[in-house]
Each structure stands twice: as structure tokens, then as C-alpha cells.
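Beneath this line is the structure, given in C-alpha cells, with notes to follow.
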Amino acid sequence: MTLGPLARLELACHDLQRQREFYARILQLPVLGPGPGLSFAMGPVTLVLRPRGDVLFPAAAAGPCEPGTLIALTVEDAELDRWHRRMLTLRVAVLDAPGPAGAPPRMMRVADPEGNVIELFVPA
């Protein structure tokens, strides 16, 4: 038995409008047509933002922090520093800044408004 490639990733969200703003305006992901939530194209993978409290993602009980998700996306080496400047300009929380050019691993991590981590990295 084998599994096919990842086709869809769904994130539970408290504030769909803030998340939409981040993924559409900040990350510049194309918004897809109607579906089970707010959908974005990420290459061959569809990112779906769903409201927390729906049938798939029940509302969280009071207590410890909810788990987050890390989404890793590849970028060209020449683009990584541009993405870093964009995040700083738009006041996005940069968790890990890219190291010097040519020093592996070349990556940057930022947080979306709900604490999910987006990693942009240069493949080896």
C-alpha cells in the first residue's frame, strides 16, 4: 500500500478574516473558489482555513495552548532575503531570520496571526 502526495492541508482558525489577510495579502497565495472553508492554492496542495468550532475542529476547551502547525514551503535562494524584508516591512513576527547567503540551511520562519509557523526554505 502506498499513499499519494499531499493534496490538502486544513487549519482550524479562530479568526478567519485575520488568517485570510495573512495568507492572501502577506504570503500572496491565490484564493480558490467556494469549498468547505477558505481555500488557497499552494502549488499542488490546497490550504483550507476552517472555523474552529465546526464539525471537524470543535471549539477548544479552556486550558493549555492549542497545538499549532508548521507549514514548510520552498523558495529560490535569491528570493529568501526579499521575503525576509517583506515580513519585516509588514511587521510579521519573524521567529528565525535567514542566515548569510550560502550558509546552509537557508530558511526563515514566521508566525501567522494564530501562531502557526510558516517556514520558507531553500532546498539543498
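The values are calculated or read from the model by the stated rules, or taken from the named source; none is laboratory data. This is a predicted model, so every value here is computed, not measured. Glycine gets a Cβ as well: all are built from the backbone with ideal geometry, and neighbour counts include every protein chain shown. In case anyone asks, the SASA skips ligands and DNA or RNA and just uses the protein heavy atoms, side chains included. Shrake-Rupley method; radii C 1.70, N 1.55, O 1.52, S 1.80 Å.
Points to keep in mind about this one:
- Qualifying positions in region 12-46 - in contact with a Phe, Trp or Tyr (Cβ under 9 Å, 6 or more places away or on another chain), farther than 20 Å from Met87 by Cα and in contact (Cβ under 8 Å) with a residue 24 or more places away in the chain: Ala12, Cys13, Thr46
- If the condition is being part of a loop (DSSP other than H, G, I, E, B), among the aliphatic types (A, V, I, L, M) and either touching a Ser or Thr at 6+ places or on another chain (Cβ under 9 Å) or open to solvent by 30 Å² or more (accessible area, probe 1.4 Å) (or both), then region 66-93 contributes Leu90, Ala93.
- Residues satisfying the stated conditions in region 4-38, i.e. in a strand (DSSP E or B), open to solvent by 60 Å² or more (accessible area, probe 1.4 Å) and among the hydrophobic types (A, V, I, L, M, F, W, C): Val31
- Scanning region 94-124 for residues that are assigned to a loop (DSSP other than H, G, I, E, B) and touching a helix residue (DSSP H, G or I) at 6+ places or on another chain (Cβ under 8 Å), we see that the one that is surrounded by the most Cβ atoms within 10 Å (Cβ to Cβ) is Asp112.
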